[in-house]
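The next block holds one structure in the form of structure tokens; read it before the comments.
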Amino acid sequence: MATDAGVEVQFKSDDLLCLAADKARRYVQDVAGRRVGPSEAALAALAELHEPFPLSPCDPTAVIKRLDEIGSAATVATTGGRYFGFVNGGMVPAALAANWLAGAWNQNAALRVMSPIAAELEEIVVRWVCEALGLPLECAGGLVSCATMANFTALVTARHALSARAGWDVSADGMFGAPPIDVVVGAEVHASILKALSLAGFGRKRVTIVEADGQGRMRADKLPRLSERTIVCIQAGNVNTGSFDPAVEICNAAREQSAWVHVDGAFGLWARISPKYEYLARGFDQADSWATDAHKWPNVGYDSGLAIVKDGAALRASLGLTAAYLEPGSRREPMHHTPETSRRARGVELWAALKSLGRLGLCSLIERTCGHAKRFAQGLKEGGFEVLNDAVINQVLVSFGRPEVTREVIRRIQEDGTCWCGGTVWRGKTAMRISVSSWATTETDVERSLQAIIRIANECGAM
């Protein structure tokens with residue numbers, strides 16, 4: 001009886017997986033032709049999901065069908081070619097397929113003994129990313145959820161290392177009474193850095209802010225006095241303009257005083273792999289730590305962030321965990337490199353994406369999306385609208401005149417469904433931001449989106 005029951009469950013499981021795979025394939029096949037944002041009807045249908053917690057079990061087949069019926073329609077088509085919001089990347093086919101396989105594996109990536117494949121792939125992809133980005137190969141790193149956590153991981157490592165220089169063990173003795181550490185950021189620092197500084201105990205307000213130029217780049221000539229007790233946070237790819245801080249000058253100044261340089265390179269750091277755009281990111285390899293996202297330009301899918309540091313011993317000392325039932329191994333253990341202990345095997349999708357793309361494929365993805373952004377900038381200028389930034393990589397800022405007009409254009413673009421763009425404020429001016437980050441975006445997508453934007457802007461009386 002037990003065997004028969006087990007076989008019956010297996011048959012049901014097989015049917016369920018086939019159903020889910022069929023629904024997922026259909027979603028992927030249809031995403032290019034659907035509207036980017038969900039319809040009002042799809043959003044209204046979400047109310048049907050609000051019900052009391054079920055008392056009795058429900059047929060899993062009915063669960064998946066219900067999830068697809070209501071959920072798929074209420075998604076934003078970020079995996080398609082006409083989503084240009086929030087620097088969200090798409091998901092290359094190999095990463096998507098690997099995600100399905102990793103889900104079936106259900107691996108805990110905390111320790112090598114828990115998942116040899118997860119530990120091995122994570123070690124490999126950290127090295128591959130260092131190779132791709134031209135970072136020192138002796139760096140250590142870990143896979144986290146996003147750039148915010150990557151920034152946090154790097155900053156607590158810097159905190160540990162700088163405190164140790166002063167003879168203070170912050171992991172054992174905490175921050176109470178610790179020698180002070182100065183933090184320097186640019187005027188256009190991303191909010192994720194400020195959040196990470198707050199989480200690390202530095203505080204958002206207790207930082208020195210350096211003036212930025214008209215494109216958001218930190219002015220190296222305005223740096224304050226640095227010391228071996230200073231962390232300087234620089235940016236590779238401003239989230240609005242795409243600009244890069246002058247890393248060569250800043251890293252040289254920091255090195256003279258033994259200051260720690262951390263790079264917030266959520267998306268822009270990947271420009272280093274392109275011979276065409278590498279010049280923008282020169283000098284960033286001279287920093288001490290880096291944070292980046294793989295779910296942005298490499299198009300790995302959510303969630304996938306990386307923290308990389310030169311001082312691997314400091315990383316492990318600040319984030320390592322000891323317990324009686326955890327016997328240390330001689331090889332790299334994933335959980336000693338990230339704030340999380342138990343976590344999913346993020347390295348599976350990242351390995352699949354990097355393996356399938358290779359250096360040339362990743363370079364092509366970056367250069368292609370940058371070219372699309374430049375076409376957006378050109379088309380909008382020709383349409384008579386004000387482009388506010390130098391479109392150096394994949395970011396375009398456009399104003400349609402008065403703030404209320406720009407906001408109305410953005411609202412109607414999102415409502416129209418042809419494409420999706422978000423709003424921002426750049427140096428006091430309301431703007432629409434176009435972030436071209438997906439491998440799936442084609443020239444046809446760009447031209448179709450441009451036509452929709454210009455049509456809607458003209459209907460709104462933009463100037």
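The values are calculated or read from the model by the stated rules, or taken from the named source; none is laboratory data. Since we're looking at a predicted model, the values are computed, not measured. As a convention, Cβ positions derive from the backbone with ideal geometry for all residues, glycine included, and neighbour counts pool all protein chains shown. These area figures cover heavy atoms from the full protein model, side chains too; ligands, DNA and RNA do not enter into them. Shrake-Rupley method; radii C 1.70, N 1.55, O 1.52, S 1.80 Å.
Structure notes:
- Spin-label model distance (nm) - M114 vs S227, 7 Å beyond Cα toward Cβ: 4.1
- For the chain, the relative contact order works out to 21 percent when only alpha carbon pairs closer than 8 Å and six or more residues apart are counted.
- Between the C-alpha center of region 385-422 and that of region 56-95 there is a gap of 26 Å.
- Across region 66-74, computed HN-Hα scalar couplings (Karplus, 6.51 cos²θ - 1.76 cosθ + 1.60, θ = phi - 60°) run 5, 4, 5, 4, 8, x, 4, 5, 9 Hz from first to last residue, x flagging Gly and Pro.
- Where labels lie 7 Å past Cα in the beta-carbon direction, separation of E386 and E443 in nm: 3.2
- A294 long-range amide H proximity, modeled H, under 5 Å: S304, G305, L306
- Amide proton proximity set for V183, modelled H, under 5 Å, gap of 5+: T208, I231
- With all protein chains in place and a 1.4 Å probe, the accessible surface of region 44-178 carries 63 percent carbon and sulfur.
- Anisotropy class of the chain from Cα gyration tensor, a/c 1.5 cut: oblate
- Pairs of Cα atoms nearer than 8 Å and 6+ residues apart set the relative contact order; for region 153-271 it is 24 percent.
- Each Lys or Arg adds one and each Asp or Glu subtracts one; over the other residues with Cβ under 13 Å from the Cβ of R66, this totals -3.
- Of all accessible heavy-atom area on region 182-261, the percent that carbon and sulfur account for (1.4 Å): 44
- Computing FRET efficiency as 1/(1 + (r/R0)^6) for E415 and V63, where r is the C-beta to C-beta distance and R0 is 30 Å, gives about 0.45.
- Amide H contacts of V261 (H built 1.01 Å from N, under 5 Å, at least 5 apart or other chain): V232, D288, S289
- Other residues lying with their Cβ under 10 Å from the Cβ of V263 contribute a combined charge of -4, Lys and Arg counting +1, Asp and Glu -1.
- With contacts taken as Cα pairs under 8 Å at a separation of at least 6 residues, region 317-463 carries a relative contact order of 21 percent.
- Our helix-only sum for the chain, with -39,500 (n - 2.57) per DSSP H run of n ≥ 4 divided by its residues, gives a mean residue ellipticity at 222 nm of -13500 deg cm²/dmol.
- Share, in percent, of DSSP beta bridges within the chain that are antiparallel, nearest 5: 60
- Summarising the label geometry, the points placed 7 Å from Cα in the beta-carbon direction at T75 and Q378 lie 3.3 nm from one another.
- Region 121-219: C-alpha gyration tensor shape, a/c 1.5 cut-off, then a/b vs b/c: oblate
- Applying the Karplus relation 6.51 cos²θ - 1.76 cosθ + 1.60 with θ = phi - 60° to region 173-181 yields 3J(HN,Hα) values of 9, x, 9, 5, x, 6, x, x, 10 Hz, where x marks Gly and Pro.
- GluC sites (Glu not before Pro) within region 122-161, DSSP loop, no more than 13 other Cβ atoms inside 10 Å: E138
- Net charge over other residues, Cβ less than 14 angstrom from the Cβ of E459 (K, R count +1; D, E count -1): 0
- Förster-model FRET efficiency, 41 Å R0, A313 and S13, C-beta, rounded to 0.05: 0.35
- Computed over protein heavy atoms with a 1.4 Å probe, the accessible surface of the chain works out to 46 Å² per residue.
- Restricting region 149-198 to trypsin sites (Lys or Arg not before Pro) in coil, as DSSP defines it, with at most 14 other Cβ within 10 Å: none
- With every protein chain in place, region 351-396: carbon and sulfur % of accessible area (1.4 Å): 53
- Euclidean distance of C-alpha centroids, region 137-151 and region 222-253, integer Å: 19
- One decimal place: the segment D22-E138 gains 37.4 nm when fully extended, by the rule 0.36 nm per residue minus the C-alpha distance.
- Cα centroid separation, region 195-214 to region 423-440 (Å): 23
- Anisotropy class of region 8-139 from Cα gyration tensor, a/c 1.5 cut: oblate
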